[in-house]
Structure formats: C-alpha cells, structure tokens
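The values are calculated or read from the model by the stated rules, or taken from the named source; none is laboratory data. The structure displayed is predicted, hence computed values, not measured ones. Don't worry about glycine lacking a Cβ; one is built from the backbone with ideal geometry, like all the others, and counts go over all protein chains shown.
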Amino acid sequence: MTRYPTLTAMGVEDHDQIDRYTLLPNGNKETVLKVYFSRPDESALPDSKKFVFRQAEGEERLQQALVELNQLSRPPQSQQQTRLQLENELLQFEQVMQAKLSELRQQLQNWK
C-alpha cells in the first residue's frame, strides 16, 4: 500500500520528484491544483500536472491531496525565488502565445 494513496489515485506516482505545487481558483466553482516536479534534463516526462477540482464534488479529495503534498513538497521558497519562477513562467507563456499567434496569422495568410 502506498503512503500517498490520493496522489497515486490521481496519477501522481513520482512522489520523490515532487518539487512544489500551486493552488488557484478557476471561476466560481473550480479550484486548479498544479503539481511541479524536479525532473532530470533528459526526462521526457512532464514538468507539471494540472488537476481541476469542482467545489461540490472534489473538495474532500483536494484536501486529502494537499495533506499529502505538504508532506512531500519542499518548504516555501523565498519571495525572490518565487518572483524568479513567476518571471520564468510568464516568459514561457509569452513564447507559447507568440508561437500560437504566429501560427494563426500564417493560417489567415493562406486563406487570401
């Protein structure tokens, strides 16, 4: 039997690679849990997994997952580290959005 049954049931099996997590509201009735992993550079596995919990259905499961994550994740980081991570995530998001916008513009050009 696993020490982290809720996370395992959610598909998070690399317990030793969990780095941190974020918890954000997503609309009125949902909460998004994003689990980040410390993976080797050559790993093909994703760096994070995202889970959406609906308040009515998933509140208890979310609480159980948070208890397990608090046992596994690193202590809170300093504000400077958090700021750097946010800046890095923003940069990555901007790159993805620029690539998508470029792709859509190219599709529009092909219609002319």
Picked from the range 66-112 (must be of a type in the set (Gly, Ala, Ser) and modelled with pLDDT of 90 or more), the residue nearest to the chain's Cα centre (by Cα) is 99
I'm checking my understanding of the structure. Among residues of the range 52-65 that are touching a strand residue (DSSP E or B) at 6+ places or on another chain (Cβ under 9 Å) and small (Gly, Ala, Ser), which one is surrounded by the fewest Cβ atoms within 10 Å (Cβ to Cβ)? 58
Out of all the residues in the range 23-51, which are of a type in the set (A, V, I, L, M), assigned to a strand (DSSP E or B) and loosely packed, with under 13 Cβ neighbours inside 10 Å? 24
Just wondering, is there one or more residues in the range 81-99 that are out of contact with any strand residue (DSSP E or B) (no Cβ under 8 Å at 6 or more places or on another chain), in the same structural domain as residue 2 (by TED's automatic domain parsing), surrounded by 12 or more Cβ atoms within 10 Å (Cβ to Cβ) and in a helix (DSSP H, G or I)? no
Those residues of the range 13-22 that are surrounded by 15 or more Cβ atoms within 10 Å (Cβ to Cβ) and within 10 Å of the chain's Cα centre (by Cα) come to a total of 2
